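What follows is a single structure, written as structure tokens, with notes after it.
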Amino acid sequence: MQSKFRVLSGALIMAAAAATSAPALADGEVNIYSYRQPFLIQPLIDAFAAETGVKANVIFASKGLGERIAAEGENSPADVLLTVDIGRLDGAKQLGITQPVSSDIVNENIPAQYRDPEGHWIGLTNRARIIYASRDRVDQDSITYEELADPKWKGRICTRSGQHVYTIGLIASMVAHHGEEKTEEWLAGVRDNLARKPAGNDRAQVKAINAGECDISIGNTYYMGKMETNDKEPEQKEWAASVRILFPNAEDRGSHVNLAGVVLAKNAPNKDNAVKLIEFLTSPEAQRIYAETNFEYPVTPGVEVSERVSSWGELKPDALPLADIAKNRKTASELVDKVGFDNGPAS
């Protein structure tokens, strides 16, 4: 069976949220609201349909889906929400639009550190927050997050906004490991080592390294795959070729990882099919598709990473439960403002 996508802008999503619609109750269907781009999840939807005969109706948007589900209330047609980052997964829970998933299959497939203790969100893939290092100007083969505050990196670090969810996740993990006071000192040190004010996305930081504006940057692993395979913008292949990946803290606690994941909508009209979908997404088959298509790390034990991802080096993931990161996100955000991180390096 073929799935179908509706791609809506943020403005249309918010307009649609003002009016509720009757849920799709047809047998053999599941309604997906997705922050993940259609081309990323289409292979998964096709495989699920082939295995179960369940038709997937998918709405994609870059923002506003959680608010839409909340506004639709009991009449929401949403069965599941696909999103990225522990901040957004936990945010859906805090918004009150989720319900716990009770599934022995999910619990067997997904380690506890990648699940909400109460079952309100489930991690599907990992992405590591790593260091992109210039091949020409950085000689060392190892690094730690703590080292980013070392004065030897003064004027050499690029990164995106401190308030971006990816950055907040990393800072929240530092709070979990070191406490608020030490993390504040560390964050101020990283700020002073910045080459410029934080701006742009993760790929923009690698572009800056290629241009000689900085020597290292903080980014997610999967962007390397996106750059290395970008035929539409081949200059990104040049950016990728100018850097190599260093996995922070590989010799001690491991590198910070974050999640792409799924939640079961609070008022899911097709709950049984939704749970089937979630169970499928945690299966080895689906995890292999994720690994090949999205340049991400499977979270189901025993599923190997893709050849391209393997070529970047071995990831030792930090064993810190993602729920511990989620509860430190507010503190992390406050610290970003407190040290004036987004103002750039101190004069």
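Going through (1) modelled with pLDDT of 95 or more; (2) among the β-branched types (Val, Ile, Thr); (3) surrounded by fewer than 24 Cβ atoms within 10 Å (Cβ to Cβ) one by one, Thr293 falls short only on (1). Taking the stated definitions as given, is Asn107 open to solvent by 30 Å² or more (accessible area, probe 1.4 Å), at pLDDT 95 or above and polar (S, T, N, Q)? When the stated conditions are applied, Asn107 passes them.
One line per residue, one yes/no per condition, for (1) touching a helix residue (DSSP H, G or I) at 6+ places or on another chain (Cβ under 9 Å); (2) under 25 Å from Asp318 (Cβ atoms):
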residue: Ala250; (1), (2): no, yes
residue: Ser255; (1), (2): no, yes
residue: Asn267; (1), (2): yes, no
residue: Gln287; (1), (2): yes, yes
residue: Val303; (1), (2): yes, yes
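Ser217 meets the conditions (1) modelled with pLDDT under 95; (2) surrounded by 21 or more Cβ atoms within 10 Å (Cβ to Cβ) in every case but one. The failed one is (1). The residue of segment 148-175 that is nearest to Asp90 (Cα to Cα), among those that are among the polar types (S, T, N, Q) and open to solvent by 20 Å² or more (accessible area, probe 1.4 Å), is Gln163. If you go through segment 189-210 and keep only what is part of a helix (DSSP H, G or I) and either within 26 Å of Pro234 (Cα to Cα) or open to solvent by less than 20 Å² (accessible area, probe 1.4 Å) (or both), you end up with Gly189, Val190, Asp202, Arg203, Ala204, Gln205, Val206, Lys207, Ala208, Ile209, Asn210.
With the structure loaded, tell me whether Arg308 is among the basic types (Lys, Arg), assigned to a helix (DSSP H, G or I) and either touching a strand residue (DSSP E or B) at 6+ places or on another chain (Cβ under 6 Å) or open to solvent by 10 Å² or more (accessible area, probe 1.4 Å) (or both) or whether it fails that test.
It is true that Arg308 is among the basic types (Lys, Arg), assigned to a helix (DSSP H, G or I) and either touching a strand residue (DSSP E or B) at 6+ places or on another chain (Cβ under 6 Å) or open to solvent by 10 Å² or more (accessible area, probe 1.4 Å) (or both).
Of the residues making up segment 282-302, those that are closer than 14 Å to Asn126 by Cβ and either out of contact with any Lys or Arg (no Cβ under 6 Å at 6 or more places or on another chain) or not in a loop (DSSP other than H, G, I, E, B) (or both) are Thr282, Gln287, Tyr290, Ala291, Asn294, Phe295, Tyr297, Pro298, Val299, Thr300, Pro301.
The values are calculated or read from the model by the stated rules, or taken from the named source; none is laboratory data. These numbers come from a predicted model, not from an experiment. FYI the Cβ positions are ideal-geometry reconstructions off the backbone, even for glycines, and counts take in every protein chain you see. Keep in mind that these areas ignore ligands, DNA and RNA; they rest on the heavy atoms of the full protein, side chains included. Shrake-Rupley method; radii C 1.70, N 1.55, O 1.52, S 1.80 Å.
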